[in-house]
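Below is one structure, written out as structure tokens; comments come after it.
The values are calculated or read from the model by the stated rules, or taken from the named source; none is laboratory data. Nothing here was measured: the structure is a model prediction, and the numbers come from that model. Glycine also receives a Cβ, built like all others from the backbone with ideal geometry; neighbour counts cover every protein chain displayed. In case anyone asks, the SASA skips ligands and DNA or RNA and just uses the protein heavy atoms, side chains included. Shrake-Rupley method; radii C 1.70, N 1.55, O 1.52, S 1.80 Å.
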Amino acid sequence: MAFSSLFSRLRSYSKPIYSNLRTSVYQKPQILSSLIEPVTCSRKGPSWVVSLIPLAIAVSAGCLALHSHTYPSVSLNDAPLSDLKSVKIGCKGSTDYAVKGSRREVPSKLIEELKGICQDNMTMDEDERYVHGKPQNSFHKAVNIPDIVVYPRSEEEVSKIVKACNMHKVPIVPYGGATSIEGHTLSLNGGVCIDMTLMNRVKALHVEDMDVVVEPGIGWMELNEYLEPYGLFFPLDPGPGATIGGMCATRCSGSLAVRYGTMRDNVINLKVVLADGEVMKTASRARKSAAGYDLTRLMIGSEGTLGVITGITLRLQKLPQSSVVAMCNFPTIKDAADVAIATMHSGIQVSRVELLDEVQIRAINLANDKNLPEVPTLMFEFVGTEAYAREQTQVVQKIASEHNGSDFVFAEESEEKKELWKIRKEALWACFAMEPNFEAMITDVCVPLSHLAELISRSKKELDASPLTCTIIAHAGDGNFHTIVLFDPTREEQRQEAERLNHFMVHIALSMEGTCTGEHGVGTGKMKYLEKELGIENLWTMKRIKDALDPNNIMNPGKLIPSNVCF
């Protein structure tokens, strides 16, 4: 099949995919059931002390208009306490998703202190607080929203904000691009949301060393636009809108992780504001070091529970000389997964291996008036010299033909490649074309590569039998796959069915020595699986680190560590 034929179908992109974004994303939901109150934990563990050091989140994204307000001395976050179930947040077996922490009024003295630090870069406007309390891509909910949103402009301001909050024992939730999907930025206890939007500068670019120092609020897409004239790029590519600070906090990756690794492999050092307001640098700018604890890796993935990230030094890569994007169709999803595994075993340095099932292709066709074959599809990217990229393409084409692959097409022109990857990057929004008023539960299991085909096949059988609309998208080169499960948020039985499907896939993955989250992080949504995956001793250790670095538990409380973990 000539690529020009496929490309002509892609060029029919007449309406922007973002037009399918639902306006209901920012509508205030009525939370009538499945509410959780935290309870005192009772589990005991061995008595020993660990003193490691922090992490944090940070972030940023689209700027919100700031306004001058009168700041009352009482919280605007009052919520009814009736009909709440006595269920532990995130504990094993929990299917509850709307959470309520224990909150109190924000002291008027703290409000005045924050006003002195932030000046006009602070708001208590209800609409802005609501937006910051409801992640746009997450079905997880909380009863409370932040009492105050602040927009620091510098590391010094972040330090002062955190120090003031710690003195008054008021919780903090760092906030960035709002692209996380596991409830990371929910303000379970109200408190102060630290929006890192205004800290979005490139502080230093070292072209010869191939590294860059940035503030947490810069987006990965904006950073790559800045780096392109220098022939460099940052290789991680999560969803559009994600910021570098949030990417560190959740230990994200993306489609290029199969070649370049995850966030933990691409960060040289961090600067972090600890819970007491002190600023710590985790390491030097050297590419390798054996000096002391690896505090950089401790903080990457700690989801704002140990500190607030204010600076990041990143490894960069040279822009590839040449690249080829290829696409191939298969009769079954197992055939597609087998080709992905065989490609990795071949030793080819593939940059991307993405798998989309027939339901996802149908969504893409519906959202964009396309006419792609509605069958399981693999997408590849090969990079290197022109000759090497073409050689890799031919090898994979042969592998695909041995596994019932058909319609193998490839693109080398820049615009053609962009059109192909646009399909993959906007897959979530395409799904909403099928069910515009529904919400999405997005799964994130990951297994050793040899188990991927079995995991996807078993999951696909269960998904197809469900009354809900479900699509599959996989980073097939590293064993990570996502399911987008669409459900009507007004029908409790549909939400429970979505939760059942997620539970099914997680437990299959764990039985295969996999993980409940390959790249999205834990937040509130995945806490219930951590004891089974990591063991209680692991969670005790995390809890001791948390208590050592954040004794007042102000740093994004109620996330990552289940409430039943005590010592």
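Key figures for this structure:
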{"quantity": "Boolean, E215 is modelled with pLDDT of 95 or more, open to solvent by 40 Å² or more (accessible area, probe 1.4 Å) and either closer than 22 Å to Q119 by Cα or among the hydrophobic types (A, V, I, L, M, F, W, C) (or both)", "calculated": "no"}
{"quantity": "Residue within the stretch 301-311 that is in a loop (DSSP other than H, G, I, E, B), modelled with pLDDT of 95 or more and open to solvent by 30 Å² or more (accessible area, probe 1.4 Å) present", "calculated": "no"}
{"quantity": "Subset of the stretch 523-567 [open to solvent by 10 Å² or more (accessible area, probe 1.4 Å), touching a Leu at 6+ places or on another chain (Cβ under 8 Å) and among the β-branched types (V, I, T)]", "calculated": "T524, I545, I561"}
{"quantity": "Identity of the residue in the stretch 235-271, closer than 20 Å to S323 by Cα and of a type in the set (S, T, Y), that ends up nearest to the chain's Cα centre (by Cα)", "calculated": "S255"}
{"quantity": "Residues within the stretch 238-251 that are outside any helix (DSSP H, G or I) and either in contact with a strand residue (DSSP E or B) (Cβ under 7 Å, 6 or more places away or on another chain) or closer than 18 Å to N200 by Cβ (or both), tallied", "calculated": "6"}
{"quantity": "Among the residues listed as S138, S180, S159, the single one being assigned to a helix (DSSP H, G or I) and not charged (D, E, K, R)", "calculated": "S159"}
{"quantity": "Some residue of the stretch 145-155 being out of contact with any Leu (no Cβ under 6 Å at 6 or more places or on another chain), at pLDDT below 95 and either surrounded by fewer than 24 Cβ atoms within 10 Å (Cβ to Cβ) or assigned by the TED database to the domain that holds E128 (or both)", "calculated": "yes"}
{"quantity": "Qualifying strands (runs of 3 or more DSSP E) (wholly inside the stretch 373-476; at least 3 residues being under 23 Å from R495 (Cα atoms) and of a type outside the set (V, I, T))", "calculated": "439-442"}
{"quantity": "Considering residues of the stretch 364-380 that are in contact (Cβ under 8 Å) with a residue 60 or more places away in the chain and of a type in the set (D, E, K, R) only, the residue least open to solvent (accessible area, probe 1.4 Å)", "calculated": "K370"}
{"quantity": "Condition broken by N224, with the remaining ones in (1) of a type outside the set (G, A, S); (2) within 26 Å of R153 (Cα to Cα); (3) modelled with pLDDT of 95 or more; (4) part of a loop (DSSP other than H, G, I, E, B) satisfied", "calculated": "(4)"}
{"quantity": "Every residue from the stretch 317-341 that is of a type in the set (G, A, S) and surrounded by 15 or more Cβ atoms within 10 Å (Cβ to Cβ)", "calculated": "S323, A326, A336, A337, A340"}
{"quantity": "Residues of the stretch 262-288 that turn out to be at pLDDT 95 or above and part of a loop (DSSP other than H, G, I, E, B), as a count", "calculated": "11"}
{"quantity": "Residue pairs meeting the criteria (Cβ under 6 Å; at least 6 apart or on separate chains; first closer than 11 Å to D276 by Cα, in the stretch 542-567; second at pLDDT 95 or above and open to solvent by 20 Å² or more (accessible area, probe 1.4 Å))", "calculated": "N552/N166; N552/K169; I554/N166; I554/P171"}
